[in-house]
């Protein structure tokens, strides 16, 4: 299994032609999964999507290729892991307005598939937890499994 410790994740950069093509190929799946996980988390942990609670599903998923802002790529024995940052245009750029996603492909001739959309759960010093799925422009795009 590829992990942050076993794979060298390349530096963040603007999406290039191949990354944009993969994004376009999986854009529908990404939007569908984003709406699905929002509905699932809203049942038990609405904090994940609190930053966008006022947006409709259409507004939340109202992004396109022009909103795909950053990518990082890693190669493992299994294939290519692409991490992306996309902006939700209905949100002000100055606050939480980005989702992080992960795509995997077995290689140049294999079909790419959406692996996951990042949802973060953090332990706080007081023992409490914070949850989020919407990130800021300054939040680094790092390796994640969920």
For 19, 116, order by how many other beta-carbon atoms lie within 10 Å, fewest first: 116, 19
Contact order relative to length of region 17-132, as percent, for alpha carbon pairs under 8 angstrom and 6 or more apart: 22 percent
Contour excess over end-to-end distance, with Cα ends at residue 36 and residue 50 and 0.36 nm allotted per residue: 3.5 nm
Label-reachable residues, region 106-132, where backbone N falls under 16 Å from a point 7 Å from residue 25's Cα toward its Cβ: 106-116
Overall Cα dimensions of region 17-132, principal axis frame, Å, largest first: 45, 31, 26
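Apply 1/(1 + (r/R0)^6) to the Cβ-Cβ distance of residue 124 and residue 145, taking R0 = 25 Å, and write down the FRET efficiency to the nearest 0.05. Kindly include the intermediate steps, with their values, before the conclusion.
Working: r = 21 Å, r/R0 = 0.84.
That gives a FRET efficiency of 0.75.
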Folded to 0 to 90 degrees: helix 17-44 orientation relative to the chain principal axis, Cα: 30 degrees
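Residue separation times 0.36 nm, minus the C-alpha to C-alpha distance between residue 78 and residue 9: what's the value?
Working: separation 69, 0.36 × 69 = 24.84 nm, distance 1.42 nm.
Between residue 78 and residue 9, full extension yields an extra 23.4 nm.
Please give the length that would be gained between residue 43 and residue 110 if that part of the chain were fully extended, namely 0.36 nm times their separation in residues minus their C-alpha to C-alpha distance (nm, one decimal). Before the final figure, lay out the partial values.
On the way: separation 67, 0.36 × 67 = 24.12 nm, distance 3.57 nm.
Separation in residues times 0.36 nm, less the Cα-Cα distance, equals 20.6 nm.
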GNM flexibility winner over the chain from 126, 25, 67 (Cα, springs under 10 Å): 126
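Quick note: the coordinates plus some simple rules give every number you see, no bench work behind them. Since the structure is predicted, the reported quantities are computational estimates derived from the model, not experimental observations. Every residue, glycine as well, gets a Cβ built from its backbone with ideal geometry; the counts of neighbours run over all protein chains shown.
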